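No value in this document is a laboratory result; all are computed from the given coordinates. Note that the structure is predicted; figures quoted are calculated from it, not measured. Cβ sites come from the backbone with ideal geometry, for glycine too, and all protein chains shown count toward neighbours.
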Amino acid sequence: MGAIERSLKRQSSSPSSISSFGGPIALKQIIQNYVADAKTQIEALRSLVLHTAWLADSGQEYAQEASIAKLFGSRVAYEVTNRMLQVHGGYGYMKDYAIERYYRDCLRAGDHRGDQPDPTVPLIAQ
């Protein structure tokens, strides 16, 4: 979750300095929608993680919830970081920008792609 929040925080500071079509892109509605969607997904993930932690602390079964949080978290990490990379445009692929490393890390995690079966899916599907 920390990596996702770093991607969003990094995005919040950069677009104000990037101009397009006569003004900072941070004021464009599509960018504001990206940020709103990202914050919504982060809060949903935070709720899942906190609920799973509560189950674990109270001695209840939490394997399924932990699997759901892991799967959802990796997908949110990829989606948010990918959107923030898009906001940076071509600059997002340059090693000078931290968003490039965040995106590479999300790609390495790999649960978002769907090309390999996730071992937690059968547990979630029960």
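A few remarks follow.
- Where labels lie 7 Å past Cα in the beta-carbon direction, separation of residue 126 and residue 60 in nm: 1.6 nm
- Placing pseudo-labels 7 Å out from each Cα toward the beta carbon at residue 101 and residue 5 gives an inter-label distance of 1.9 nm.
- Net lengthening on full extension, residue 50/residue 36 (0.36 nm per residue, minus Cα-Cα): 2.9 nm
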